1. Is at least one residue of the stretch 24-35 near ligand 2 (Cβ under 10 Å from one of its atoms), in a helix (DSSP H, G or I) and either closer than 30 Å to residue 70 by Cβ or under 11 Å from the mean Cα position of the chain (by Cα) (or both)?
2. What pairs come out if I take residues in the stretch 16-42 that are within 26 Å of residue 72 (Cα to Cα) and pair them with residues that are away from ligand 1 (no atom under 14 Å from the Cβ) and part of a strand (DSSP E or B) whose C-beta lies under 6 Å away, six or more apart or interchain?
3. Based on what the data block shows, is residue 148 buried (at least 23 other Cβ atoms within 10 Å of the Cβ) and closer than 30 Å to residue 292 by Cα?
4. Restricting to the stretch 115-140, what's the tally of residues that are crowded, with 24+ Cβ neighbours inside 10 Å and over 22 Å from residue 244 (Cα atoms)?
5. Inspect all residues belonging to the stretch 50-62 and state whether any of them is under 24 Å from residue 130 (Cα atoms) and within 14 Å of ligand 1 (Cβ to nearest atom).
6. Only one of 75, 61, 21 is buried (at least 24 other Cβ atoms within 10 Å of the Cβ), within 15 Å of ligand 2 (Cβ to nearest atom) and under 23 Å from residue 245 (Cβ atoms). Can you tell me which?
7. Within the stretch 58-77, how many residues turn out to be part of a loop (DSSP other than H, G, I, E, B), within 26 Å of residue 97 (Cβ to Cβ) and either in contact with a strand residue (DSSP E or B) (Cβ under 9 Å, 6 or more places away or on another chain) or modelled with pLDDT under 95 (or both)?
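The values are calculated or read from the model by the stated rules, or taken from the named source; none is laboratory data. Since the structure is predicted, the reported quantities are computational estimates derived from the model, not experimental observations. As a convention, Cβ positions derive from the backbone with ideal geometry for all residues, glycine included, and neighbour counts pool all protein chains shown.
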Ligand code: BDR
Ligand code: CA
């Protein structure tokens, strides 16, 4: 079973991804970022999830803001003001640890060098801080999987080509993309290609256990947003990245390329600039995941909701 360090800003699709991780892998720790909503909410949501699955997993709070510039937008309009659909869950039992997330990432990878897969489902602030403190971090990580970017410019933020996780903290993304020699990149456009059929997904929610009930609740606000914005099908960016983290053999099509982050740009700050034509003779830092085996992805999600068979 893969051993996962999950950096996350839960968040509805983060929740589904974490349920997948719980069902198919060992979660070593949650490192919590600000992003979809503020850090107070995302930490609490991470703790709520660990309560739900009765997991004894440490939850580390990270950096409450991007490295340099205040973000233009959060994603409360998709995920609800508390990030979990404003259901009003009770105070979770799972504690938040005292150690700063970036420090915890460094410590845990020192304790288990080469064993841990880092899965980044949020703005990359915590990872960037950890990398600046200790640039040897990549040598101790088995793999890094990043949900982020829009590799042909079809983003999902007010900066048209920028995807949310990158656009929220472009400087942090820059540090990570420059520092990690090679990582798997699951972008927003791949997410759109791997949506689930709505009726099929509703069947899983109906057939599942308490995890499905929970997800059905937190998902309601995001779903209404998607419907209002004519987004087709059930899209879950972080779940797709998690499938790749759990089992890279689900990848059916990928391209290795150098990817850099636009930090300036009047209209393009936060864009992932892919050297598709290999003009720059730089080594490829990213394996860009273009397609995965959809049936295997679906099976992973079904099991995570307790809706197998
Ligand atoms: C990413 O942004 C967040 O809103 C989601 O949780 C996901 O990590 C998609 O652009
Ligand atoms: Ca996320």
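1. Scanning the stretch 24-35, I find no residue that is near ligand 2 (Cβ under 10 Å from one of its atoms), in a helix (DSSP H, G or I) and either closer than 30 Å to residue 70 by Cβ or under 11 Å from the mean Cα position of the chain (by Cα) (or both), so the answer is no.
2. Listed by first residue and then by second, the contacts come to 30/59; 31/60; 32/61.
3. For residue 148, the condition - buried (at least 23 other Cβ atoms within 10 Å of the Cβ) and closer than 30 Å to residue 292 by Cα - is met.
4. Let us first name the residues in the stretch 115-140 that are crowded, with 24+ Cβ neighbours inside 10 Å, namely 118-128, 130.
Okay, now just the ones that are also over 22 Å from residue 244 (Cα atoms), so 130.
Counting residues in the stretch 115-140 that are crowded, with 24+ Cβ neighbours inside 10 Å and over 22 Å from residue 244 (Cα atoms) gives 1.
5. No; the residues of the stretch 50-62 include none that is under 24 Å from residue 130 (Cα atoms) and within 14 Å of ligand 1 (Cβ to nearest atom).
6. Selected residue: 21, the only one of 75, 61, 21 that is buried (at least 24 other Cβ atoms within 10 Å of the Cβ), within 15 Å of ligand 2 (Cβ to nearest atom) and under 23 Å from residue 245 (Cβ atoms).
7. Final tally of qualifying residues: 5.
So that you can scan it fast, the table gives a plain yes or no per residue for (1) touching a strand residue (DSSP E or B) at 6+ places or on another chain (Cβ under 7 Å); (2) without any contact (Cβ under 8 Å) to a residue 24 or more places away in the chain; (3) farther than 21 Å from residue 69 by Cβ:
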| residue | (1), (2), (3) |
| --- | --- |
| 116 | yes, no, yes |
| 136 | no, yes, yes |
| 154 | no, no, yes |
| 157 | no, no, no |
